[in-house]
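Down below is the structure, laid out as structure tokens.
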Amino acid sequence: MRIFICGFGTVGQGFAEVLASRKKFLSERYGKDIIIIGAMDSRTFACDPAGLDPLSLVSRKKETGKVGGKEYSDPRDVLSECDYDVLVEVSPTDIKTGGAGLGNITCALERGKDVITVNKGPLALRYRELMDLAKKNGCLLRYEGSVGGAMPIINLCTEGLVGEKITSIRGIFNGTCNYILSKMDKGQPFDQALKEAQQLGYAETNPTNDIEGYDAACKVVILANSVFGRDVKFDDVRITGITSITDEAVAMAASRNMVIRLIGEVTESKLEVGPRLIPKGHPLSISGTLNTAQIITDLAGPVTVSGRGAGRTETASAILSDLIAIADRRLRTDGKSLHL
Ligand code: HSE
């Protein structure tokens, strides 16, 4: 199976490293290597049908700032020139327009290629359209890492809990906000906590997307569409961020044995992100950067899942799980004539 990586920042590099670290496991599982045949950053690309060494790509990017030796002006030219089986789309998220990621994903799906992405913009703006395109062309679009990074919520709901009637999902879907609110619990000022979250590499390039609740809203949209079968977009979410939460409000919550957390909530009819009072000791009262979600089901009752919502290797682990799902599906459908 030949992979092309679009976007070679932290997540793209992390994925290349994870693929290198799982080389033996993957080749034993499938009987053949899974190779990277191409990679692209915002200006340059590398492509070799025989395969590129993942760790050399990472070193070159670190040393030169470029993933490849050739420049391009239109990513579609590159994606048409290089033949691949799976596109891993991890270019920077653009919540307003979908950014380059939207074009890259569309281009791959139009060509009948499976796509894995963690890019929230295209999914929050055009989920239904992209899924319909994938279906029409007989390919898969998987996006486990787009909600909660390494927290395995999408596949848990759509595969593990597929027989359940899920009535609601409430969760902490933004590590930056949770970090800030946890620090405010301890008396630290908002700005200082935000700066620390940025230093930890959690915050978005534009942290407004975190603190205004836009990042969590994208995740809530993705859950509503994929788990509840709804057809909603970013603009449909009722969003309140955490910028107007005062030290006094945090202290008041503490005096009632509560904490304030930014909670995303999805049901058949609800689609909200906003600060909520959570009793101390409740699974959603956690402190720090972890993401946590409580899934309410009819048969299994409440199921709580938690994990690291961002990070180089953590997000790459979610991409790896999607890659394995795609390779397993090929194994099932192609049987002995496995195209790997
Ligand atoms: N900026 C996000 C967060 C991480 O703070 O949780 C990626 O979605």
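The values are calculated or read from the model by the stated rules, or taken from the named source; none is laboratory data. Source: prediction; values computed, not measured. Neighbour counts are summed over all protein chains in view; Cβ atoms, including those assigned to glycine, are modelled from backbone coordinates with ideal geometry.
Side notes on the structure shown:
- The listed residue being more than 16 Å from the ligand (Cβ to nearest atom) and in contact with a helix residue (DSSP H, G or I) (Cβ under 7 Å, 6 or more places away or on another chain), out of Ala327, Ala318, Ala300, Ala251: Ala327
- The residue that is farthest from the chain's Cα centre (by Cα), counting only those in the range 163-220 that are among the aliphatic types (A, V, I, L, M) and more than 11 Å from the ligand (Cβ to nearest atom), is Met184.
- The listed residues are Thr246, Thr240, and the only one of them that is in contact with a Gly (Cβ under 9 Å, 6 or more places away or on another chain), hydroxyl-bearing (Ser, Thr, Tyr) and farther than 19 Å from Ile153 by Cβ turns out to be Thr240.
- Residue list for the range 134-144, restricted to those being away from the ligand (no atom under 16 Å from the Cβ) and not in a helix (DSSP H, G or I): Asn137, Gly138, Cys139, Leu140, Leu141, Arg142
- Test: residue in the range 203-212 that is touching a strand residue (DSSP E or B) at 6+ places or on another chain (Cβ under 6 Å) and surrounded by 19 or more Cβ atoms within 10 Å (Cβ to Cβ): no
- Which listed residue is in contact with a Cys (Cβ under 9 Å, 6 or more places away or on another chain) and outside the structural domain of Gly9 (by TED's automatic domain parsing), from Leu299, Leu290, Leu262, Leu277: Leu262
- Among the candidates Val18, Val67, Val58, Val11, residue that is touching a residue at least 40 places away in the same chain (Cβ under 8 Å), assigned to a loop (DSSP other than H, G, I, E, B) and within 23 Å of the chain's Cα centre (by Cα): Val67
- Tally, over the range 242-258, of residues that are surrounded by 20 or more Cβ atoms within 10 Å (Cβ to Cβ) and without any contact (Cβ under 8 Å) to a residue 12 or more places away in the chain: 0
- Reported count of residues in the range 259-306, each being surrounded by fewer than 17 Cβ atoms within 10 Å (Cβ to Cβ) and in a loop (DSSP other than H, G, I, E, B), is 13.
- Taken over the range 194-233, the criterion of being in contact (Cβ under 8 Å) with a residue 40 or more places away in the chain, assigned to a helix (DSSP H, G or I) and over 13 Å from Val266 (Cβ atoms) is satisfied by Ala197, Asn209, Tyr214, Asp215.
- The set of residues from the range 86-133 being surrounded by fewer than 18 Cβ atoms within 10 Å (Cβ to Cβ), β-branched (Val, Ile, Thr) and either part of a helix (DSSP H, G or I) or within 16 Å of the ligand (Cβ to nearest atom) (or both) is empty.
- Apart from one condition, Ser27 fits all of (1) under 23 Å from Pro92 (Cα atoms); (2) not in a strand (DSSP E or B); the exception is (1).
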